[in-house]
1. So what is the relative contact order for the chain, in percent, with contacts set as C-alpha pairs under 8 Å and at least six apart?
2. Roughly to the nearest percent, how much of the accessible area of segment 1-111 is carbon and sulfur, given a 1.4 Å probe?
3. On average, how much accessible surface per residue is there in segment 83-141, in Å², for a 1.4 Å probe, leaving out ligands, DNA and RNA?
4. Quick one: if you stick a label point 7 Å off each Cα along the C-beta vector at Leu51 and His180, how many nm between them?
5. Give the relative contact order (percent, whole number) for segment 149-198; include only Cα pairs under 8 Å separated by 6+ residues.
6. Over segment 31-137, what number does the Rg to Rh ratio reach, with both radii from the alpha-carbon atoms and Rh per Kirkwood?
7. What per residue convex hull volume, in Å³, do the alpha-carbon atoms of the chain yield?
8. What's the ranking of 42-55, 149-162 by average number of surrounding C-beta atoms within 10 Å, highest first?
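The values are calculated or read from the model by the stated rules, or taken from the named source; none is laboratory data. Everything numeric here is computed off the predicted structure, so don't read it as measured data. Quick reminder, even Gly has a Cβ in these numbers, built from the backbone with ideal geometry, and neighbours come from all protein chains shown. Surface areas here come from the heavy atoms of the whole protein model, side chains and all, with no ligands, DNA or RNA. Shrake-Rupley method; radii C 1.70, N 1.55, O 1.52, S 1.80 Å.
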Amino acid sequence: LARLPLAGANTKMRFWLDLNWITWRLAIEQAHLMYGFGDNSMRRKNLDFLLARVKHGDRVLDLGCKNGEISAILAEKAGSVIAVDHDASALDIARKNHGAKNLEFVHADAFDVLRRQSAPMDVVVLSHILEHLEEPGDMLVHLKKHVTHCYIELPDLDATYLNHFRRLADAKLQYTDNDHIWEFDRDSLREVIESAGWRVLDSEYRYGVQKHWCAHAGSPV
């Protein structure tokens, strides 16, 4: 097919890029169905970076918690976890499946929850959140008033150079989901973080995602 003169070079390039994306995405979805968040799953291993930095006794806000899998794992170590999402049906599933006493699922605006706290939260978890926001920097600026540390995780556009060829070829499929507003490479995400007044203390690039552990700029580690 690659050698047949059926289309121009750019059309062929877009076809192969789309085919690569589709098969990769289907494999990811099948893996999630088969292995979920089990002890040996890559989704569980992907949390090692975060769990190593959350301290016993920390007060954690998990923003956009969905069905609560990450929230429940955080609750195994943190002092308390408030898990927030705008999807009430997802929270119903979360409450049914995860009943730790130090874990609370809340259907509310995250900043309403934060304003009700008597003291700043220790950690806010933004796992695959910023790429969906029109103004991700504004979110980070506002969070500084309410939390001391911020964990950011999202797809790593630099994980494969094919993502950059996708841009050059004007291939329409985005890195993971079609509801992404932004697709961040490593430099552009760090610029957003630092422009919002956060300092990146540590980073990890594994499993196709980039992860950053941040504190207020100028604050001690």
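1. 17
2. With neighbouring chains kept in place, the figure for segment 1-111 is 57 percent.
3. Dividing the accessible area of segment 83-141 by its residue count gives 53 Å².
4. Going by the 7 Å Cα→Cβ label model, 2.6 nm.
5. Contact order relative to length: 39 percent.
6. 0.95
7. Spelled out: Cα convex hull of the chain, divided by residues, is 134 Å³.
8. Order by mean packing, descending: 149-162, 42-55.
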